[in-house]
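Heads up: the structure comes next, in structure tokens.
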Amino acid sequence: MSDISAQLRKAQQGDKAAYRDFLKAVQPLLNRYFRSRVWVATDVDDLVQQTLLRVHNYRHTYQPGKQAEPWVYTIAKNVLFDHYKMTSKHAAQSIDAEFDGWGSEEQGAESYSMLQEALDKMPASLCDAFILVKLEGKVMEEAAKQLGISLSAVKVRAFRAYKFLDDYVGA
């Protein structure tokens with residue numbers, strides 16, 4: 001078990017010093033995670049803070065004995081997804097348009113929940129391409145530049161993301 005996992009386990013047992021050490025250890029990991037996905041430095045700082053707040057609010061959900069890093073990265077991915085939804089009018093309009101006409105509000109919430117669940121399970125590289133191309137509406141060339149990969153790599157990742165979602169929904 002990693003030091004981070006041990007620190008979080010101790011923090012759950014009330015050890016305040018271990019909790020401070022945990023937060024100090026996690027912050028650079030989050031900085032790297034968001035810096036590789038968001039290009040506005042102030043957004044990176046905000047996303048790190050939002051993630052640390054969610055980690056604090058949901059620390060009771062961490063299961064001792066499991067690695068803490070995947071748990072933290074899952075929270076970070078959810079914060080990033082929320083950030084993309086909030087900062088992109090196009091993303092919000094796309095999401096709303098996708099769910100319009102899908103039936104009741106309850107069915108729309110269920111569909112949205114399924115999308116969120118699928119994105120949580122999707123590999124990060126595919127998720128990033130999907131969010132940029134489908135939700136933010138960026139052209140493939142822009143997405144490639146933002147992700148720092150070739151145009152063909154974005155096309156492959158986007159296709160694999162669509163396939164992943166199709167398989168997930170069809171399952």
Seminar exercise, completed: The summed charge of the residue 146 Cβ neighbourhood (under 11 Å; Lys/Arg +1, Asp/Glu -1) stands at -1
For this session: Please state, as a whole number in µm²/s, the translational diffusion coefficient that the Stokes-Einstein equation yields for segment 1-58 at 4 °C and 1.567 mPa s, with Rh defined as the Kirkwood radius across alpha carbon pairs.
Result: 109 µm²/s
Seminar exercise, completed: HN-Hα couplings for segment 153-158 via Karplus (6.51, -1.76, 1.60; θ = phi - 60°), in whole Hz with x for Gly/Pro, come out as 5, 5, 4, 5, 5, 5
For this session: Using only the alpha-carbon atoms of segment 31-89, report the extent along each of the three principal axes, biggest first, to the nearest angstrom.
Result: 38, 21, 14
For this session: Take the solvent-accessible surface of the protein heavy atoms, probe 1.4 Å, and return the percent of it on segment 1-63 that carbon and sulfur atoms account for.
Result: 49 percent
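Would you kindly state how much longer the chain becomes between residue 2 and residue 69 on full extension, computed as 0.36 nm times their sequence separation minus their alpha carbon distance, in nm to one decimal?
Fully extending the segment from residue 2 to residue 69 adds 23.3 nm.
The values are calculated or read from the model by the stated rules, or taken from the named source; none is laboratory data. These numbers were taken from a predicted model, which means no experiment stands behind them. Positions of Cβ are generated from backbone atoms using ideal geometry, with glycine treated the same way; all protein chains shown enter the neighbour counts. Note: accessible area is taken over every heavy atom of the protein model, side chains too, but ligands, DNA and RNA are not part of it. Shrake-Rupley method; radii C 1.70, N 1.55, O 1.52, S 1.80 Å.
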